[in-house]
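Everything on this sheet refers to the single structure shown next.
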Amino acid sequence: MEITFLGTGAGMPAKYRNVTSIALKHLEDGSIWLFDCGEATQHQILHTSIKPRKISKIFITHLHGDHIFGLPGLLGSRSFLGGTEPLTIYGPKGIRDFIEVSLSVSQTHLNYKIEIIEFEDGQIFDVGNFKVEAKLLEHAIPSYGYRVVEKDKPGVLLVDKLKEIGVTPGPHYQLLKNGETIELEDGRLINGKDFLGPDKKGRVITILGDTRPCDHAVELAKDADILVHEATLDKEMEEAAYEFFHSTTHQAAQTAVKAQVKQLVITHISSRYEKQDWVRLEQETKEIFPNTVIAEDLKKIIVK
């Protein structure tokens, strides 16, 4: 899986940072999931290999403009560019009104079916090899975090072990790999589950909306391979962060430590910070959680 940061700024576009949007691509079916869709997200997509028609799901964390103002334009462009596959949008209560009114007033007609699901805390879906959970965070308006869990995959078939007992390669290998039982010509029954290596643990990605530090953030991030956490302000601005329902660099790092994640990516950086400040913000976070990187627009991270 690959994460592409389409926008990493807070509040309004800045010279080097567009507002929030994150793409998760290379899922099992080759589709793309989008998390938030701030203003000019579709412009940012033009600088990537992402095809809007490949976007199958959009997850909105909350309804502040810097997270949703790009949505009507992207939906229209997806249709203009030949997108016909259905699209599902998940978000807090109010996202349906925003989309339907925007498309209606602008007389934007889509050539594909759109499903809008407004949710509260809990599991959003469990389909195929993935499940997604959402929990309410602590922000000025309802803001959610998402936990994307890839289910564990069966271990590799222990071919050498099979050969030792005289089971040679053939179509039955696939049945054994699926954990099924086969009968050999000599009457022996072979259970595939006995010839599989350890399950390959699925990856976990946590993407949080705007939030103060809170217990739900830690719960969503527990043991995640990647935690994407806002760090709107630097470590010296904790009072301001609290007042405006955001987090500092140190607070994002503290959440990563509590959740025991493998890697932290800080994003949603205030426009008050110039490009020369970014290294300092990253270093501040590393003071508490060393395996941290600061997101930049169009930065890609491979989730191994």
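Of the strands (runs of 3 or more DSSP E) that lie entirely inside the stretch 100-204, those containing 1 or more residues that are under 30 Å from residue 214 (Cα atoms) and either touching a helix residue (DSSP H, G or I) at 6+ places or on another chain (Cβ under 9 Å) or of a type outside the set (D, E, K, R) (or both) span 114-118, 122-127, 130-136, 144-150. Just one residue in the set 232, 211, 292 is within 28 Å of residue 45 (Cα to Cα) and in contact with a Lys or Arg (Cβ under 6 Å, 6 or more places away or on another chain); that residue is 292. Could you check the stretch 288-304 and list, in sequence order, the residues that are surrounded by fewer than 17 Cβ atoms within 10 Å (Cβ to Cβ) and free of Cβ contacts under 8 Å to residues at least 60 places away in the same chain? Matches in the stretch 288-304: 290, 291, 293.
Report, by residue number, each residue of the stretch 139-152 that is buried (at least 17 other Cβ atoms within 10 Å of the Cβ) and among the charged types (D, E, K, R).
147, 150, listed by residue number.
Of all residues in the stretch 217-237, those that are part of a helix (DSSP H, G or I), surrounded by 18 or more Cβ atoms within 10 Å (Cβ to Cβ) and more than 15 Å from the chain's Cα centre (by Cα) total 1. Tell me whether the stretch 12-21 contains one or more residues that are surrounded by fewer than 16 Cβ atoms within 10 Å (Cβ to Cβ), part of a strand (DSSP E or B) and at pLDDT 95 or above. Taking every residue of the stretch 12-21 in turn, none turns out to be surrounded by fewer than 16 Cβ atoms within 10 Å (Cβ to Cβ), part of a strand (DSSP E or B) and at pLDDT 95 or above.
As for the stretch 67-74, it holds no residue that is of a type in the set (Val, Ile, Thr), crowded, with 24+ Cβ neighbours inside 10 Å and in a strand (DSSP E or B). Within the stretch 255-291, restricting attention to residues that are under 23 Å from residue 145 (Cα atoms) and of a type in the set (Ser, Thr, Tyr), which residue is farthest from the chain's Cα centre (by Cα)? Ranking the candidates gives 271 first.
For the stretch 110-128, filtered to residues that are surrounded by 14 or more Cβ atoms within 10 Å (Cβ to Cβ) and at pLDDT below 95, the residue that is farthest from residue 68 (Cα to Cα) is 125.
Does the stretch 45-60 include one or more residues that are in contact with a helix residue (DSSP H, G or I) (Cβ under 6 Å, 6 or more places away or on another chain) and among the polar types (S, T, N, Q)? Within the stretch 45-60, not a single residue is in contact with a helix residue (DSSP H, G or I) (Cβ under 6 Å, 6 or more places away or on another chain) and among the polar types (S, T, N, Q).
Scanning the stretch 92-121 for residues that are within 23 Å of residue 137 (Cα to Cα) and either in contact (Cβ under 8 Å) with a residue 40 or more places away in the chain or among the charged types (D, E, K, R) (or both) gives 92, 93, 96, 97, 118, 120, 121. Given (1) surrounded by 23 or more Cβ atoms within 10 Å (Cβ to Cβ); (2) part of a loop (DSSP other than H, G, I, E, B); (3) of a type in the set (A, V, I, L, M), where does residue 50 come up short, assuming only one miss? Only one criterion in (1) surrounded by 23 or more Cβ atoms within 10 Å (Cβ to Cβ); (2) part of a loop (DSSP other than H, G, I, E, B); (3) of a type in the set (A, V, I, L, M) is unmet by residue 50, namely (1). Of the numbered conditions (1) β-branched (Val, Ile, Thr); (2) under 28 Å from residue 132 (Cβ atoms); (3) outside any loop (DSSP other than H, G, I, E, B), residue 279 satisfies every one except a single condition; which is it? Failed condition: (2). From the list 166, 209, 155, 179, the lone residue that is touching a residue at least 40 places away in the same chain (Cβ under 8 Å) and surrounded by fewer than 19 Cβ atoms within 10 Å (Cβ to Cβ) is 155.
The values are calculated or read from the model by the stated rules, or taken from the named source; none is laboratory data. In this text, all values refer to a predicted model and were calculated from it rather than measured experimentally. Every residue, glycine among them, receives a Cβ derived from its backbone with ideal geometry; neighbour counts consider all protein chains shown.
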